[in-house]
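Right, one structure below, let's go through it.
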Amino acid sequence: MIYRSKGPKSFDQLGYLLQKAYEGRHLSLGELECLLSTRDPDMLTSLFKTARAVKEKNFGTSIYCYGFVYFSTHCRNDCSFCFYRRSNPSSVRYRKTDEDIIDLATALEDSGVHLVDLTMGEDPVLHNGSGYGRLIEIVQKVNDAVKVPLMISPGVLPSDIFTDLTNAGGDWFACYQETHNRRLFEQLRPEQDYDIRLLQKEWARRSGMLAEEGIMIGVGETIADRARSIQIMGDLGARQVRAMSFIPQCNTPMSSRDTAQFLEELVAIAVMRLVYPDRLIPASLDIEGISGLRSRLEAGANVITSIIPPSKGLAGVAQHELDIDGGGRTVSQIEEVLDGMGVRLGTPADYASRIEEWKLNDRSMGVVH
């Protein structure tokens with residue numbers, strides 16, 4: 001059972017913290033723990049309402065979305081939580097051809113996504129000296145084929161590869177730490193280097209890409225761990241920060257654990273929104289599919305992730321069959337949800353303008369070398 005520090009003791013205390021956050025004042029680690037521990041239903045209503053107000057103050061009614069191209073499910077790692085860990089014989093393994101990758105990317109662009117996410121496991125064929133050139137080639141080919149920005153999610157890379165990825169067309173680099181508790185990290189990602197994984201975000205930003213960082217909810221972390229992770233994600237300069245609920249996968253060491261309580265994820269999203277009013281915060285379709293979209297947007301998320309064209313033979317997500325073939329992961333499907341909430345998809349120009357402004361800010365601050 002997860003340890004919880006005490007939440008707000010009164011509505012006056014909660015109101016003070018929410019007003020402080022709304023005004024953009026710094027929240028201490030203890031104050032983050034307090035907000036993350038909120039469970040009273042009426043207090044949760046106030047927390048989510050303030051998170052939405054902060055989102056609207058910075059983004060208006062605009063919501064963004066991005067599509068998902070998992071082009072290799074082979075992986076050299078043996079992560080305790082992942083269905084695609086190398087020792088799982090039940091995993092669906094494939095490597096998409098260049099033609100398949102480009103077809104998926106262009107189909108997503110035509111459907112109206114703001115960004116295409118090129119994702120893979122740490123495929124041994126590509127994660128070696130000669131293979132990195134192949135990875136860069138894939139990014140370049142997709143960049144030549146589509147006009148929308150690209151996110152690269154390839155796992156851990158050597159530092160000298162990042163500039164080449166940027167030059168090939170990478171706009172974002174995503175590499176989730178899952179937790180910033182080192183002991184828990186070792187349990188989740190055995191035989192992996194905590195510091196090298198953390199440095200991926202710094203190396204990406206130095207090369208001129210924007211960084212995304214994320215945590216997993218319900219894997220044995222404490223409320224204090226979550227609060228510290230939220231602080232660290234900001235210190236890393238990540239422009240997109242996320243929290244995703246743990247879903248147990250078959251044939252993994254964590255298969256017998258309970259699914260995380262989705263409320264825990266919603267509270268984490270809301271607190272991240274209060275702390276980082278101008279960042280992008282995803283609502284992933286990987287966890288509950290289209291049925292869980294509204295609750296995450298109402299908690300303060302403003303990006304819908306893991307949109308997948310139906311019947312394209314894509315695996316690689318937390319729940320690799322959820323809503324995919326039925327068309328529940330398409331732009332047209334999510335627009336129906338947005339219409340009922342009084343929000344809308346932002347324009348591609350608006351999204352592109354925001355990320356170019358962030359890149360310019362990083363250059364002006366001397367982040368890009």
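Each reported figure results from applying straightforward, stated rules to the coordinates on display, with no laboratory input. What you see is a predicted model; the values in this text were computed from it and never measured. Don't worry about glycine lacking a Cβ; one is built from the backbone with ideal geometry, like all the others, and counts go over all protein chains shown.
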Please check: in the Gaussian network model of the chain (C-alpha springs, under 10 Å), which one of Ile136, Ile269, Ile196 has the largest mean-square fluctuation. Ile196
Under the Karplus relation with 6.51, -1.76 and 1.60 and θ = phi - 60°, whole-Hz ³J(HN,Hα) for the stretch 23-36, x at Gly and Pro, equal 7, x, 7, 5, 9, 6, 4, x, 5, 5, 4, 4, 5, 5
If the elastic network links every pair of Cα atoms under 10 Å, which of Leu118, Leu108, Leu199 fluctuates the most in the Gaussian network model of the chain? Leu199
If the cut-off is 28 Å between C-alpha atoms, which lysines fall inside it for Lys147, apart from same-chain ones fewer than 8 positions away? Lys55, Lys96, Lys201, Lys312, Lys359
Enumerate by residue number the trypsin sites (Lys or Arg not before Pro) in the stretch 133-214 meeting two conditions: DSSP loop (anything except H, G, I, E, B), and at most 14 other Cβ atoms within 10 Å of the site's Cβ. Lys147
Note, the stretch 151-166: 3J(HN,Hα) by Karplus (6.51, -1.76, 1.60, θ = phi - 60°), whole Hz, Gly/Pro = x, goes 9, 10, 10, x, x, 7, 10, x, 4, 7, 8, 5, 5, 5, 5, 4
Grab the Cα-Cα distance for Ile161 and Glu23, subtract it from 0.36 nm times how many residues apart they are, and report the gain in nm with one decimal. 45.7 nm
With θ set to phi - 60°, apply the Karplus curve 6.51 cos²θ - 1.76 cosθ + 1.60 along the stretch 104-121 and write out the HN-Hα couplings as whole Hz, x wherever there is a Gly or Pro. 5, 5, 5, 5, 5, 4, 4, 6, x, 6, 8, 7, 10, 9, 8, 10, 7, x
Work through the residues other than Glu212 whose Cβ is under 15 Å from its Cβ and net out their charges, Lys, Arg +1 and Asp, Glu -1. -1
Expressed as a rounded percentage, what relative contact order does the stretch 175-235 have, with Cα pairs under 8 Å and six or more residues apart? 46 percent
Which cross-chain or sequence-distant (5 or more) residues have an amide H under 5 Å from the amide H of Arg86, H modelled 1.01 Å from N in plane? Asn77, Asp78, Cys79
Work out, in µm²/s and without decimals, the Stokes-Einstein translational diffusion coefficient of the stretch 133-254 at 37 °C, 0.692 mPa s, Rh from Kirkwood over C-alpha pairs. 214 µm²/s
Please list the non-local residues whose amide H lies under 5 Å from the amide H of Ser284, H modeled 1.01 Å from N, same-chain partners needing a gap of 5 or more. Thr305
Amide H contacts of Leu210 (H built 1.01 Å from N, under 5 Å, at least 5 apart or other chain): Trp172, Phe173
Determine the calculated [θ] at 222 nm for the chain from helices alone, applying -39500 (n - 2.57) to every DSSP H run no shorter than 4 residues and normalising by the residue count; nearest 500 deg cm²/dmol. -13000 deg cm²/dmol
Using alpha carbons only, what's the Rg to Rh ratio of the chain with Rh from Kirkwood? 0.94
